[in-house]
Amino acid sequence: MGGTLWPNSWPIRQTDGEGRRRRVAAAMEGHDPALVDALVEDLLRSSRPQDEARTVSTEARVVVGAEELIAGCLERHGLAPDPQTIGRVRRAMAIPVDQDFQPLPGARELLAVIHGLGMRNVIASNTYWRDAASYWDDFRLLGMAEHIDHIVTSVDAGHLKPNPAVFEVAMRWARVAAARCVVIGNKEENDVEPALRLGMRAILVHPDDPRPASSRADAVAADLWECARVLRDMLEPG
């Protein structure tokens, strides 16, 4: 997602901390409010390095995974780190985008072109807090959900790209063979190389990155408008 459909960096907003307090408190309803307040402070403090890294690049290397971070915070406050609680807290920490956060130019049009070509749009993204349900909230707020068929995140797949699991889950949902898939992404290592290893085609697009010196992708596009043209030519030769 970052660097492909929207900017590479993920902005930290002044309202994020308060929003997370409210959301985590709702997710932990029934517990002692003072205990929940302490838990939230621990979550905010512990996650700050990861959030700050994602203001530079959404492709920043994950040092401590969200589930591991949340489990540690829960244990420090005497709370059971069961999968259900970890999942609720992780979703609560995923603050939705707002209308000030805009996709890259041509993002909506690219998704519409893909649908117009009779293809399915499956989003496959490396994430930290966000699972598919969180991303659906984002796309609805941005008015893009109508052009998306399915979402697979690294949280849902249990692995980060370039692990093939993310692509394989997306391919199984789309119910098509690898040769009929086209992966569009902005990273050679995370998008193009794993796609080619699976037998998929790939378009490297760099609307928020410098032009690559080289690429093994089937095509390289400078922006999402060009990406739409390349995809159309790829599927409708001549």
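Here, each number is a calculation from the coordinates, and none is a lab measurement. Here the structure is a predicted model, which is why all the values come from computation and not from measurement. We place every Cβ from the backbone using ideal geometry, glycine too, and count neighbours over all the protein chains shown.
Overview of values
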item	result
Alpha-carbon radius of gyration plus Dmax, which is the widest Cα pair, for the range 147-238 in Å	13.1, 41
Residue of Ile114, Ile151, Ile203 that the Gaussian network model of the chain assigns the largest fluctuation, springs spanning Cα pairs under 10 Å	Ile114
Counted charge near Met171, where neighbours are those whose Cβ lies closer than 12 Å (Asp, Glu -1; Lys, Arg +1)	+3
Whole-number D in µm² s⁻¹ for the range 173-221, Kirkwood Cα-pair radius fed into Stokes-Einstein, 4 °C, 1.567 mPa s	119
Dipole moment magnitude, nearest 20 debye, the range 104-219 about Cα centre, only Lys, Arg, Asp, Glu C-beta charged	340
Normalised per residue, the volume of the convex hull around the Cα set of the chain (Å³)	123
With at most 16 other Cβ atoms within 10 Å, longest stretch of the chain clear of loop trypsin sites (Lys or Arg not before Pro) (DSSP)	62-119
Most positive-pole-ward Cα, Leu79, Ala27, Ala38, against dipole of the range 16-93 from beta carbon charges	Ala27
Most mobile listed residue (Glu188, Glu41, Glu29) in the chain, GNM with C-alpha springs under 10 Å	Glu29
